[in-house]
Amino acid sequence: MNVSSLDYKPSPLADVVRGASNNPNIGSSDFSNDSTAAYSHALQWCLTGQPAHAEKAIEILNAWSETLETVSGHDARLLIGMAGMGYCNAAELLRHTDAGWKANDQEQFTRMLREIFYPVIEDFYPSANGNWDASMIQTMMAMGVFLDDHEMFDRAVNYFRNGEGNGAIENYFNEFGECQESGRDQAHTQMGIGFLACACEIAWKQGIDLYSAADNRLALGFEYTAKFNLGNDVPYEPYTSFESRYHYPKISTNSRGRFSPIYERIVHHYRDRMGLEMPYSFQVAEERRPEGFSTTHVPWGTLMFYGLPRGLNPIENKP
């Protein structure tokens with residue numbers, strides 16, 4: 001599958017169902033693939049100026065916004081949390097350029113966000129493993145930006161900082177960076193920390209510094225995870241998740257050493273903007289560059305974050 005090809009065709013459905021662990025999968029993978037394709041083409045439009053890429057991104061957004069009626073199933077919240085980001089990113093890039101996205105089509109997309117996406121993720125999922133909350137935090141923030149909905153955006157920011165569930169920053173990581181899912185497996189751990197990093201970047205662009213929350217707790221989480229997955233020993237203290245739903249007695253070696261494409265963004269922020277070394281995350285980024293395709297995370301991290309000037313995009317912090 002080449003999501004960046006102009007031959008790519010969207011596959012919208014009216015009623016998408018994602019069951020537990022994506023079974024059943026009724027349009028769920030199509031929803032995720034098309035999200036990545038929409039963002040990839042919108043990005044290519046902005047970088048190359050080729051109208052065909054803008055047209056392809058618009059085709060994908062319009063196809064879904066005029067077709068989709070429901071997203072349901074056990075994993076519906078996770079699906080929108082993961083894939084909603086791509087749709088929102090594509091929409092932002094199209095709306096703020098001369099891409100030719102018609103006003104009535106933008107209104108149709110807005111309706112999809114408000115009436116279909118938001119009701120599913122509005123209340124998060126506090127007792128699920130924290131990657132669920134983290135996915136919804138990032139997409140709710142992105143939706144709030146696109147919709148210029150301060151209440152929606154602030155809801156996600158406040159949950160990141162002080163939410164009751166496993167995805168809130170001080171619930172997902174302990175004081176030395178161990179993750180709530182470190183004892184589950186390394187794939188889901190990297191899902192969660194990647195989603196939270198994406199949320200932090202959205203907030204940063206809006207003048208809010210979530211990266212430094214809880215004394216740079218996210219940086220500690222990335223370093224802890226990268227260090228372990230590079231083959232090093234790390235401390236581990238079992239701790240119980242929200243409502244005692246999960247308790248992992250020891251750190252998991254499941255998927256150890258399989259790195260997700262999430263490190264370029266974090267290295268750019270903490271190392272290049274803020275001057276923190278991040279040695280283990282930096283090693284992962286250096287050894288596995290370039291970060292490419294992903295339908296779980298916002299893709300093309302190397303393209304977007306590698307080699308940018310140190311100190312780029314400083315902000316005046318807002319409370």
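Starting from region 216-308, pick out the GluC sites (Glu not before Pro) whose DSSP state is loop and whose Cβ has at most 14 other Cβ atoms within 10 Å.
Answer in residue order: Glu277.
Which whole-number percent is the relative contact order of the chain (Cα, under 8 Å, 6+ apart)?
Values: 578 pairs, mean separation 45.6, N = 319.
Over the chain, the number comes to 14 percent.
Add -39500 (n - 2.57) for each DSSP H run of 4 or more in the chain, then divide by its residues: what number comes out at 222 nm, to the nearest 500 deg cm²/dmol?
Per the formula, -16000 deg cm²/dmol.
Which residues in region 133-155 have a backbone N closer than 16 Å to a point placed 7 Å from the Cα of Glu92 along the Cα-to-Cβ line?
Taking a point 7 Å out along Cα→Cβ of Glu92, the residues of region 133-155 whose backbone N falls under 16 Å are 135-155.
Among His297, His268, His247, which one moves the most in a GNM of the chain with springs linking Cα atoms closer than 10 Å?
For the chain, modelled as a Gaussian network with Cα springs under 10 Å, the answer is His247.
If you take the Cα atoms of region 1-74, find Rg, then find the Kirkwood Rh from the mean of 1/r over all pairs, what is Rg/Rh?
With Rg and the Kirkwood Rh in hand, the quotient comes to 1.04.
Evaluate the relative contact order of region 1-159 (contact order divided by residue number), counting alpha-carbon pairs under 8 angstrom at least 6 apart; express in whole percent.
Relative contact order, region 1-159: 23 percent.
Convert 10 °C to kelvin, take the viscosity as 1.306 mPa s, use the Kirkwood radius over C-alpha pairs of region 126-209 as Rh, and evaluate the Stokes-Einstein diffusion coefficient in µm²/s, rounded to a whole number.
Here the translational diffusion coefficient equals 126 µm²/s.
Using just the alpha carbons, could you tell me how many Å³ per residue the convex hull of region 237-286 encloses? The partial results should precede the final answer.
Working: hull volume 6.6 nm³, N = 50.
So the per-residue hull volume is 132 Å³.
Can you figure out the FRET efficiency of Leu6 with Thr70, using R₀ = 30 Å and their beta-carbon distance, to the nearest 0.05?
0.50
Just subtract the alpha-carbon distance of Arg289 and Phe176 from 0.36 nm times their residue separation and send over the number in nm, one decimal. Walk me through the intermediate numbers first.
Working: separation 113, 0.36 × 113 = 40.68 nm, distance 2.68 nm.
Net length gain for the segment: 38.0 nm.
What Rg and what Dmax come out for region 168-216 when only alpha-carbon atoms are used, in angstroms?
Here Rg and the maximum Cα pair distance are 11.3, 34 Å.
Taking the alpha-carbon set of region 179-284, what are its Rg and Dmax in Å?
Calculated on Cα positions, Rg and Dmax stand at 13.8, 39 Å.
Check which residues have an amide H placed less than 5 Å from Ser72's amide H, if you skip close sequence neighbours.
Placed amide hydrogens put Val16, Val17, Arg18 under 5 Å from Ser72.
For the chain, just the Cα atoms, rotate onto the principal axes and tell me the three extents in Å, largest first.
Cα extents, longest axis first: 53, 43, 39 Å.
Readers should treat all values here as calculations from the given coordinates under stated rules, not as data from a laboratory. Quick caveat: nothing in here was measured; it's all calculated off a predicted structure. When we count neighbours, we look across all protein chains shown, and the Cβ atoms used for this are built from the backbone with ideal geometry, even at glycine.
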